[in-house]
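Rule-based calculations on the coordinates, nothing more; no lab input. What you see is a predicted model; the values in this text were computed from it and never measured. Using ideal geometry, Cβ is built from the backbone for each residue, glycine included, and neighbour counts are taken over all protein chains shown.
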Amino acid sequence: MLQNICQRADVLVNGGTLEGCIAAAELAKAGKRVILVEQRGFLGGSLTGCMEVYLPETPEDTCGYADTIRVKAGLEEAVNGPLVHDQKCKLVLSRMLVETGVRVYTHLFLLEGKEEADQITAIYESKTGRMTVTAAAAVDASAYGELCGAMGFGQKKLSNRVFGAVKMNQIPEEALITILDKGYSIEGSCILGKISRPLCLSYPVSGNAETKQYEEPGKVVCGKGAIRVYYNRDFGETVFCGISVDLPVANPFALSSAVSCLRSYTYDYRNSLRKTVPGFEQTNIIHVSPSPELYGLRCFDIPDGSRIICSDLRQYDNMKAIQAGLAMAEAALRRI
């Protein structure tokens, strides 16, 4: 039970995205007291929530983190190819933070944040009370930059496009290949491809799925951009990720509608595939993104000398997220 408590840390990491977890682990390995706070109930951000499960074996410098995730959430699950399993990644990241000594809190919502001469103070609330965290520095690795927003930092020009994903099963490989663009590849037991012109539908901001007209003014438009497709033969699962959700405006109300519209779209898309593509008749949905990927919306003007560090990652990629986490940890160490 949380009640009302005060915590002190060397570094506060606001957000349990992949880059937030990497930053927290690196800082803890450097001997710092680290608290990581995640609003949602799972770690990994887009890696796990938006099922960005592509993690190729590359020579990029990720201090072994990419290899660890690839082995523990891929190879150990008998995945023959460059994909990892999104649900196993949550467990891998959680164990990594426990092993490095990071204190992790989930289901906490940021109420207030302020920066003073020598410390950052953030106040969080949950159903069971409030927690106040003071730290010498803070890393804002949240999906929308909540801490930067709470500090009143200016937000740069926004994109109105966010992204989501859906995982389906019972799609035969032969049927899947018929809807992929030419140039798809097969790596081990995985099929990697994209769909340049997926079904495009629009919905009222409320998320009601009755109106479906392409780019109707004031509507949320789903599926306007290309979709990446990852098929994992070892699990019989297909992930359609990078599903674009274009908002009429970029504000919290529209973002809330984006979640319900994305869910409506995924079911409409599945139903369309069932009716129009031979082999998709038995296709079912396993999981839909619990929240959209917001990286195009989180860009802030942080004053020089601030004790807050943000990745400013504009477009999500697992390898880039790991590198961003390493860079944020290094920047935080310079501010302590």
One point scatterer per Cα, no solvent, Debye formula: log10 I(q)/I(0) for region 6-153 at q = 0.20 Å⁻¹ comes out as -1.18
HN-Hα J in Hz across region 107-120 - Karplus 6.51, -1.76, 1.60, θ = phi - 60°, x for Gly and Pro: 6, 10, 9, 6, 9, 7, x, 8, 10, 10, 4, 10, 7, 10
Relative contact order of region 161-288 (C-alpha contacts under 8 Å, at least 6 apart) in percent is 34 percent
Under 1.5 on a/c is rounded, so check that first for region 161-288, then, if it is not, pick prolate when a/b is larger than b/c and oblate when it is not; a ≥ b ≥ c are the square roots of the alpha carbon gyration tensor eigenvalues. prolate
Could you give me the percent of Cα pairs per 10 Å distance bin for region 97-144, shortest bin first, beginning at zero and ending with the bin that holds the maximum distance? 21, 51, 27, 1
Return a whole-number percent for the relative contact order of the chain, with Cα pairs under 8 Å and 6 or more residues apart as the contact set. 23 percent
So how far, in whole Å, is the C-alpha centre of region 276-334 from the one of region 153-173? 10 Å
Please work out the C-alpha center-to-center distance from region 230-244 to region 36-112 and express it in whole Å. 17 Å
Could you work out the local net charge near LEU91, counting Lys and Arg as +1, Asp and Glu as -1, over the other residues with Cβ closer than 14 Å to its Cβ? 0
Starting from a Cα-only point model with no solvent, please compute log10 I(q)/I(0) by Debye for region 1-78 at q = 0.20, 0.25 1/Å. -1.00, -1.26
Charge context of ASN14, other residues only, Cβ under 11 angstrom, K/R +1, D/E -1: -3
Semi-axis lengths, Å, region 35-118, gyration tensor of Cα atoms, sqrt of 5 times eigenvalues: 28, 15, 12
Helix-derived mean residue ellipticity, 222 nm - over the chain, DSSP H n ≥ 4, -39500 (n - 2.57), to 500: -8500 deg cm²/dmol
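Specify, per residue and in Å³, the volume enclosed by the convex hull of the alpha carbon atoms belonging to region 265-327.
131 Å³
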